Amino acid sequence: QVQLVESGGGLVQAGGSLRLSCAASGSLVGIVAMGWYRQAPGKQRELVATISYGGTTNYADSLKDRFTVSRDNGKNTVVLQMNSLKPEDTSVYYCYALRLNTAYWGQGTQVTVSS
C-alpha cells in the first residue's frame, strides 16, 4: 500500500501562484510514476500532470504552459507549481501514484481561484 498526503492548497486570486506538494509513504519500491489529477464539481477527474521515476513528464495540453510538475525521488515527493491561475482552475487536486499497475490517490486538496 502507498499513502499519499497532499499539502499547499488554498485560496488565491486570479493571476497568482500556488505550490502543491505530495509526500508518499508505505510500500514505495515499484512506484513508476507520480503526479496530479483534479476534479471540479460536477465534472470527471482529469489529468493535470504526471512524472515518471526517470523524469518523463506528461501534461494536460491546456495546462503545460502554466503548470510544472517535479519529483524528488529521494524524498518520495512530487510537487506541482501552478502559475497564472485562473478561476477555471478551481478544483480539488489529487495526488496520484502508480505502483505495480495499481493507482493510489491522496485525499485531495482544494484549490480555489477567485476572479
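How many percent of the accessible area of the chain is carbon or sulfur, using a 1.4 Å probe?
Carbon-and-sulfur percentage of accessible area, whole number: 47.
List the chymotrypsin sites (Phe, Trp or Tyr not before Pro) within the range 1-54 that DSSP assigns to loop and that have no more than 16 neighbouring Cβ atoms inside 10 Å.
Filter output for the range 1-54: Y53.
Where in the range 1-33 does the label zone of Q107 land, with the point 7 angstrom along Cα→C-beta and an amide N cut-off under 12 Å?
Answer for the range 1-33: 4-7.
Obtain the radius of gyration and the Kirkwood radius of the chain from its C-alpha atoms and give Rg over Rh.
My calculation of the ratio gives 0.95.
When the dipole is taken about the Cα centre of the chain, and only Lys, Arg (+1) and Asp, Glu (-1) are charged at their Cβ, what size is it in debye, to the nearest 20?
Computed about the Cα centre, the dipole is about 100 debye.
Just L80, L100, L20 to compare: in a GNM of the chain, with alpha carbon springs under 10 Å, which one fluctuates most?
Fluctuation is largest for L100.
Under a 10 Å cutoff between Cα atoms, tell me which one of R71, R38, R19 has the largest fluctuation in the Gaussian network model of the chain.
Residue with maximal mean-square fluctuation among R71, R38, R19: R19.
So in the chain, what percent of DSSP beta bridges are antiparallel if you round to the nearest 5?
90
Quick one: 3J(HN,Hα) in Hz for the range 78-85, Karplus 6.51/-1.76/1.60 with θ = phi - 60°, rounded, Gly and Pro as x.
10, 10, 10, 9, 10, 10, 6, 5
Express the accessible area of the chain per residue in Å², computed with a 1.4 Å probe while the remaining protein chains stay in the model.
Result: 53 Å² per residue.
The values are calculated or read from the model by the stated rules, or taken from the named source; none is laboratory data. Note that the coordinates shown come from a computational prediction; the quantities given were computed from them, not determined experimentally. FYI the Cβ positions are ideal-geometry reconstructions off the backbone, even for glycines, and counts take in every protein chain you see. Just the protein is used for accessible areas: all its heavy atoms, side chains included, with ligands, DNA and RNA removed. Shrake-Rupley method; radii C 1.70, N 1.55, O 1.52, S 1.80 Å.
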